[in-house]
Amino acid sequence: MQNRRNFLRNSLLAVTGTGLARNSFQDSLTNSLARDEEKKFVHRTLGKTGIKLPVISMGTGNCDNPNLVREALDRGVKLLATHEYYLNGNNEKMVGQVLKDRPRESCMILTGTGKGLEIDFKNGKFKPETNMDTFLESVNGCLERLQVDYVDILNAPFAGSREAVFFEPLLKAMESIKKQGKARYIGIASHNIEHEAIRDTADAGIYDMVTIAYNFRKTNQQEMNEAMQYAADKGLGIIGMKTMAGVYWDKEKKQPINTRAALKWVLQNENIHTTIPDCSSFDELHQDLEIMADMGLTDEELRDLDPPSEDTTSGLYCQQCNRCLAQCPENIDIPTMMRSYMYAYGYRNLSLARHTMDRADQHGLSCKDCTECKVTCTMGFDVREKIQDISRIIEIPEDMIYLT
Ligand code: SF4
Ligand code: SF4
């Protein structure tokens, strides 16, 4: 039932929604209501930075509405997570538009870029073409699009091996970015073999943060939990992403994952200091705000996280375990293709799906000539079918993709 406070808030929002200017009375009332709400949020400390953040932050990758970001900040969200490659840089521009109207220190910005960091996906090492000047220029591009002098957290991608995390030119570049004040904190972001990425990032000694895919579908939870404990003990801040495990159980979107339960499940791990689920609607934002105040996972929600039927158990979430890589004679970067598939069918984000494939220079054309797939996936995916399916995205003209 709607209480008085919510009634007042919703009434105010209805007024703003009709385009009437807010007066200072309304502003201060809204702010005071937001502050009351914020007090209820569960906060955690982001490792040795000492910064306390609500357990849910905002992933903006699927959001093109600056008013939604404004609303999130007004309601107490403190960290916005974007990336250079979301919407070809336009997502950073949108966030920059929001930041322009606020004191810079009123919220934190996380961004990342991997431009110039050329990765050999087969062995997880940087290729000789890796160019740190390109990487550093790309960081400058992030700042320009965000219209800020610094970001709070800058992530570099995990290439997939310890050797890559300890790659001297990258360590030097990341340290120089921090020294120049372009990023207050630096970190590694990882979608794959996260337990190794977490430990390697902690051991590298220069990083403040690690951003990792973590959700109830992870099959190596114990390994991950142990790695997170190791990193947390060393003072690393830990940020969870991919918390919704693909959002749907099926490509047809007939069986949505209970995202409230999925997010609460992630938050039960106290070593996840904050999370950055994609937020693309006011409904999703309101759900996040509710969870931040009440993370209790009910038995019914836990039951929802069990696959609903035999034929949906594989879901859309690829573990990014890389176990398929050596099996494909055509050298296809199958985990990347599977991630792209999840972005398209789970997140409904075609531009991210396309960009993920483009970045890895993978379009799966070889599957067309392969009469029989040699790959056995640990999740039971029919990788050939999925690759052929997602490869159709290259037939859509780029200018149309980036409209979505
Ligand atoms: S496709 Fe299967 S084997 Fe390959 S990374 Fe994903 S879950 Fe692992
Ligand atoms: S069908 Fe399977 S083995 Fe053949 S190229 Fe595609 S992923 Fe590789």
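Here the dipole of region 43-304 is about 340 debye; that uses its Cα centre as origin and unit charges on the Cβ of Lys and Arg (positive) and Asp and Glu (negative). Our helix-only sum for the chain, with -39,500 (n - 2.57) per DSSP H run of n ≥ 4 divided by its residues, gives a mean residue ellipticity at 222 nm of -12000 deg cm²/dmol. What the Cα convex hull of region 98-186 gives, in volume per residue, is 88 Å³.
Each eigenvalue of the Cα gyration tensor of the chain, multiplied by 5 and square-rooted, gives one semi-axis; in descending order these are 33, 25, 21 Å. Each Cα pair under 8 Å and six or more residues apart adds its separation to the average, and for the chain the resulting relative contact order is 15 percent. Projecting the Cα atoms of GLN180, THR259, LEU87 onto the charge dipole of the chain, computed from C-beta unit charges around the Cα centre, puts GLN180 farthest toward the positive end. Pairs from the table (LYS100/LYS264; LYS78/LYS242; LYS39/LYS182) lying more than 25 angstrom apart at Cα are LYS100/LYS264; LYS39/LYS182.
Which residue, chosen from MET224, ASN62, ALA164, occupies the Cα position most advanced towards the positive end of the dipole of the chain, where the dipole is computed from +1 (Lys, Arg) and -1 (Asp, Glu) charges on Cβ about the Cα centre? Toward the positive end, the furthest listed residue is ASN62. Each peptide among 115-124, 51-60 gets the average number of other Cβ atoms lying within 10 Å of its residues, and from highest to lowest they stand as 51-60, 115-124.
From the mean inverse distance of alpha carbon pairs (Kirkwood) and the Cα radius of gyration, derive Rg over Rh for region 325-401. Walk me through the numbers on the way to the answer.
On the way: Rg = 12.0 Å, Rh = 12.5 Å.
Here the Rg-to-Rh quotient is 0.95.
Here the peptides 153-163, 372-382 are ranked by packing, the mean other Cβ count within 10 Å, and the order with the highest first is 153-163, 372-382. One quarter of the surface of the convex hull around the alpha-carbon atoms of region 49-156 equals 7.8 nm², the direction-averaged projected area.
Ranked by the mean number of other Cβ atoms within 10 Å of their residues, highest first, the peptides 89-98, 132-141, 182-191 come out as 182-191, 89-98, 132-141.
For LYS125, the lysines whose Cα falls under 18 Å of its own Cα, not counting residues fewer than eight places away in the same chain, are LYS115, LYS172. For region 195-340, the alpha-carbon coordinates run over 46, 42, 27 Å along the three principal axes, in decreasing order. Rg/Rh for region 161-256 (Cα atoms only, Rh after Kirkwood) is 1.06.
When only Cα pairs below 8 angstrom with a gap of at least 6 residues are kept, region 325-401 shows a relative contact order of 35 percent.
Every number here is computed from the coordinates shown, using simple stated rules; none is lab data. Small disclaimer: the values here were computed from a predicted structure and weren't measured. Cβ sites come from the backbone with ideal geometry, for glycine too, and all protein chains shown count toward neighbours.
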